[in-house]
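Presented below is the structure to which this report refers.
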Ligand code: NAD
Ligand code: UFG
């Protein structure tokens, strides 16, 4: 029996594959490599010393997804495949709805056909951010109000609603939606990490490119937020901790008989942009030139998790600190530079 990992060649998916293999699970990976490289699959095998089948298939093509379920004995699915850039989703909403929603519907249909009813879905803290700012900020629990402000976020919330409807219609399904906060960091080997194409949108990939001399300076988006130093505060979590959260969720899923539930995966601590720059510089010995720039549209002051439900029910807790995250992010970038 195998665990099917969709999006398993991507940033979070590749680390999740490593955690699953290390925990003794057999896996099958499906990814169309639209935002990742085949070399990630090679590195997952190298790091773990284990083999698995990789299908370069697209979830929008239901026949190829069906063929995977025909060839493999799938016990559960971890579904990470999808597009994830907020700004791009505003410019190309149909592309986002088609890939994220249609891809998920195809997967769910194939699962139902084969009576595979265990699923872990990659959701996001973005489902909360549209509701922030109306009341004083409190650490986000799974019961916090939900609201989204862009098509990407809407796909995540819609999929959670689709999954909830599916469970209502057939309580034999076992579904966990994991709401990730801000994953950064990389595998300690330096072989797996976040390597976006073009100019990065997210903070840490941008910082490492400044450190590498590929970009001149960081624009800090706003220093007049209602936070400790005026810059935005987020809950950064090491991607390996996040990956381990999937293993904890999978173990829990095996014991459930009929459930739909959600968990926040974060550390419960918020760091500001300036704190990230300072820690990165200190741990890696590299100055990061930056300027204060205008606020970025759609950003919130503060966003961090109350991760206690995951600790209580999954026995999972993030263990790596910000220094680990900054060191591993840079270590990965150095490896990329050597390969490039
Ligand atoms: P990623 O782009 O690195 O990984 C996604 C993978 O899915 C890629 O390898 C891509 O090639 C693949 N993919 C996309 N569409 C596909 C399709 N139609 N068929 C097959 N494969 C397809 O992104 P990531 O950061 O690893 O994110 C993984 C998941 O976690 C996504 O669903 C994302 O929305 C969610 N998420 C990410 C973050 C974050 O900050 N990185 C935060 C919250 C949630
Ligand atoms: N920031 C800068 N300069 C940059 C990039 C970011 O100052 O060049 C700031 C942002 O203003 C924010 C913080 O750094 O205060 C973090 O920004 P990111 O873009 O790294 O992350 P976000 O919290 O905006 O969004 C990320 C993902 C979303 C996801 C969300 C919650 O991009 O998809 O985390 O999980 F929904």
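The values are calculated or read from the model by the stated rules, or taken from the named source; none is laboratory data. What you are looking at is a predicted structure, and each value in this text was computed from that prediction instead of being measured. Virtual Cβ from ideal backbone geometry, glycine too; neighbours counted across all protein chains shown.
Candidates in the range 80-100 are the residues that are outside any loop (DSSP other than H, G, I, E, B) and in contact with a helix residue (DSSP H, G or I) (Cβ under 6 Å, 6 or more places away or on another chain); of these, the one that is nearest to ligand 2 (Cβ to nearest atom) is 86. Selection of the range 1-24 for residues being in contact (Cβ under 8 Å) with a residue 24 or more places away in the chain and over 22 Å from residue 104 (Cβ atoms) yields 1, 18, 19, 21, 22, 23.
Scanning the range 301-320 for residues that are touching a helix residue (DSSP H, G or I) at 6+ places or on another chain (Cβ under 9 Å) and either surrounded by fewer than 19 Cβ atoms within 10 Å (Cβ to Cβ) or within 30 Å of residue 37 (Cα to Cα) (or both) gives 313, 315, 316, 317, 318, 319, 320. Can you confirm whether residue 35 is within 21 Å of residue 12 (Cα to Cα), within 13 Å of ligand 1 (Cβ to nearest atom) and assigned to a helix (DSSP H, G or I)? Considered against the rule, which asks whether it is within 21 Å of residue 12 (Cα to Cα), within 13 Å of ligand 1 (Cβ to nearest atom) and assigned to a helix (DSSP H, G or I), residue 35 comes out as no.
The residue that is surrounded by the fewest Cβ atoms within 10 Å (Cβ to Cβ), among those in the range 210-223 that are within 24 Å of the chain's Cα centre (by Cα) and near ligand 2 (Cβ under 10 Å from one of its atoms), is 219. Can you name the number of the only condition in (1) buried (at least 17 other Cβ atoms within 10 Å of the Cβ); (2) at pLDDT 95 or above; (3) in contact with a helix residue (DSSP H, G or I) (Cβ under 6 Å, 6 or more places away or on another chain); (4) under 17 Å from residue 332 (Cα atoms) that residue 189 fails? Evaluating residue 189 over (1) buried (at least 17 other Cβ atoms within 10 Å of the Cβ); (2) at pLDDT 95 or above; (3) in contact with a helix residue (DSSP H, G or I) (Cβ under 6 Å, 6 or more places away or on another chain); (4) under 17 Å from residue 332 (Cα atoms) leaves (1) as the failure. Of the residues in the range 228-239, at least one is in contact (Cβ under 8 Å) with a residue 12 or more places away in the chain, under 28 Å from residue 336 (Cβ atoms) and either more than 10 Å from ligand 2 (Cβ to nearest atom) or assigned to a helix (DSSP H, G or I) (or both). Given the residues 198, 222, which is the only one that is away from ligand 1 (no atom under 12 Å from the Cβ) and at pLDDT below 95? Of the residues listed, the single one that is away from ligand 1 (no atom under 12 Å from the Cβ) and at pLDDT below 95 is 198. Quick check: is even one residue across the range 195-207 in contact (Cβ under 8 Å) with a residue 12 or more places away in the chain, farther than 23 Å from residue 242 by Cα, within 14 Å of ligand 2 (Cβ to nearest atom) and part of a loop (DSSP other than H, G, I, E, B)? Checked against the condition, which is being in contact (Cβ under 8 Å) with a residue 12 or more places away in the chain, farther than 23 Å from residue 242 by Cα, within 14 Å of ligand 2 (Cβ to nearest atom) and part of a loop (DSSP other than H, G, I, E, B), the range 195-207 yields at least one hit.
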